[in-house]
Amino acid sequence: MKTKTLIISVFLSGTILFFPDGDTFAAERTLWLNKCASCHDGKTAPPAESLVEKYKTIEDFTKAVQTKGHKGMNILKSSLPLLKKIAQELGIKELQEK
């Protein structure tokens, strides 16, 4: 067991060294990681990837959170700027005019 832990630790520390500052997943998605990722793990709530596939625009995403969001998301429902920032971190696009 100690060997397995050591191998995993060395791998993770080596992986971190290869990413320059600002290029890591954590640097790109700080709000998502701090506010959403613990529940949106694919078991408790849908993961980020499925949300990006389901909601094509930030407006769709924010409207869905505000109207259909689980009661655990009530704290976010009233904060439209925060919801927009989270959607941007996920890579959901702004509504494009035709």
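FYI, it's all coordinate maths here, none of it is from the lab. For clarity, every value in this text was computed on a predicted model and none was experimentally measured. Every residue, glycine as well, gets a Cβ built from its backbone with ideal geometry; the counts of neighbours run over all protein chains shown.
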- Message: Could you give each residue of segment 69-75 its phi-based ³J(HN,Hα) in whole Hz, using Karplus coefficients 6.51, -1.76, 1.60 with θ = phi - 60°, and x for Gly or Pro?
- Response: x, 4, 4, x, 9, 4, 5
- Just for the Cα atoms in segment 40-98, what are the lengths along the principal axes, largest first, rounded to whole Å? 36, 24, 17
- Task: Starting with the highest mean, order 85-91, 73-79 by the number of other Cβ atoms within 10 Å, averaged over the residues of each peptide.
- Result: 85-91, 73-79
